[in-house]
Amino acid sequence: MKIIHFADLHIGSKFDRLPEGIKRDLNTKLRNAFLAIIGFASENAISTILMAGDIFDRNAVSLKDKKFFYDSIKANPGIDFYYVRGNHDSNSRCVDAVENLHVFDGLQTYVKGNVRIIGCEIEKDAASLYGHSPFTTDKFNILMLHGDIANPKGPNAIDIKRLKDKNVNYLALGHIHKRKGGTLEGIHFEYPGCVLGRGFDETGEKGFLVFDTDDESATFHPMSDVLFEQWDVPVNGMDEAKLKMEISRLLGNPDSSLISEIRLTGKAAMDIDAEDLGRTFANRRLYLEIKNATKQALSYAPSEKENSLRNLFVNKILSDPSIDDDRKERIISYGLSKLMKEEE
């Protein structure tokens, strides 16, 4: 049996820091992504979709988003949707009775053909899950959870060692927004990642998984038509012309499917107007943000007075082998600021 597995759709996301028009467009794309996943299932005769948490971004789901969700499921009665809530939507209750929508309230089990689908909200039902006897081996056992198998602490922690002997064949996970999969404690686990990036900490391809219970393979299907990307650009030794050339090289040709952030780092020997740079290259991206995270490079060049107190102080610090470069910079910066105040 082939099964679609996705998570972390986050319908109704705020998309902080982005302009209002782009926020609205991205939330439309989130809804369209759900429709595209359903469309893929229909086109490929897949009748099972696992939704591993955080379908909505908040517990207070708008009527518009809730109606869209239910209507999309109702319009596809040949597909069974299995939904375990996540930390973002754990208190958003399904008020509609939809025949082909199966929600996990407490530790619950659904059977479809030769597959058993088990699920629960890990924060609320961990004790029931870990205390449950091993699942029988007469079916292929899929366990759906929304949590973190790498972090042993916290409300969303999953103790995979306590699942080792539960006869779990496939652990369908949500919560981690980066694509990740493998085997732990003999259990095949998969995080599909989020469906669409929502910020510069969620760069790269996003999409969903198709899992085949026959050969136990998971295939990733990228689908996002908007991607976030981020670069750090060290400005050391650059003048304004070189900096603009480097930014232009990174951005390449205009691409309206990309939302980009460029962080300027290092020591700048010039004044940098990040907003002006952003305006200069704004037409290269759907949205571009340039951040100035540089430190101002200090000038240690001798002043006109060769025997000045300033020169004696700077040379003394620079020639001291017991002080590393970062400390030298801090000491000189602090010392010169004090000398400048005394000279005022």
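The values are calculated or read from the model by the stated rules, or taken from the named source; none is laboratory data. Treat the numbers as computed from the prediction; the structure is a model and nothing was measured. Backbone-built Cβ (ideal geometry, glycine too); neighbour counts: all protein chains shown. In case anyone asks, the SASA skips ligands and DNA or RNA and just uses the protein heavy atoms, side chains included. Shrake-Rupley method; radii C 1.70, N 1.55, O 1.52, S 1.80 Å.
Looking only at residues in the range 136-186 that are more than 14 Å from residue 53 (Cα to Cα), small (Gly, Ala, Ser) and assigned to a loop (DSSP other than H, G, I, E, B), the one that is nearest to the chain's Cα centre (by Cα) is 150. If you check 52, 41, 60 for being small (Gly, Ala, Ser) and open to solvent by 10 Å² or more (accessible area, probe 1.4 Å), only one passes: 60.
Of all residues in the range 100-135, those satisfying the criterion of being open to solvent by 10 Å² or more (accessible area, probe 1.4 Å), assigned to a strand (DSSP E or B) and not aliphatic (A, V, I, L, M) are 102, 108, 109, 110, 112, 116. Of everything in the range 200-211 that's closer than 30 Å to residue 115 by Cβ and in a loop (DSSP other than H, G, I, E, B), which residue is most open to solvent (accessible area, probe 1.4 Å)? Looking at residues that are closer than 30 Å to residue 115 by Cβ and in a loop (DSSP other than H, G, I, E, B), I get 205. Within the option set 26, 30, 50, 18, being under 16 Å from residue 198 (Cβ atoms), outside any helix (DSSP H, G or I) and within 24 Å of the chain's Cα centre (by Cα) holds for one residue only, 18. Here the strands (runs of 3 or more DSSP E) wholly within the range 212-279 that include at least 2 residues being open to solvent by less than 40 Å² (accessible area, probe 1.4 Å) and touching a Leu at 6+ places or on another chain (Cβ under 8 Å) are 227-234, 255-265.
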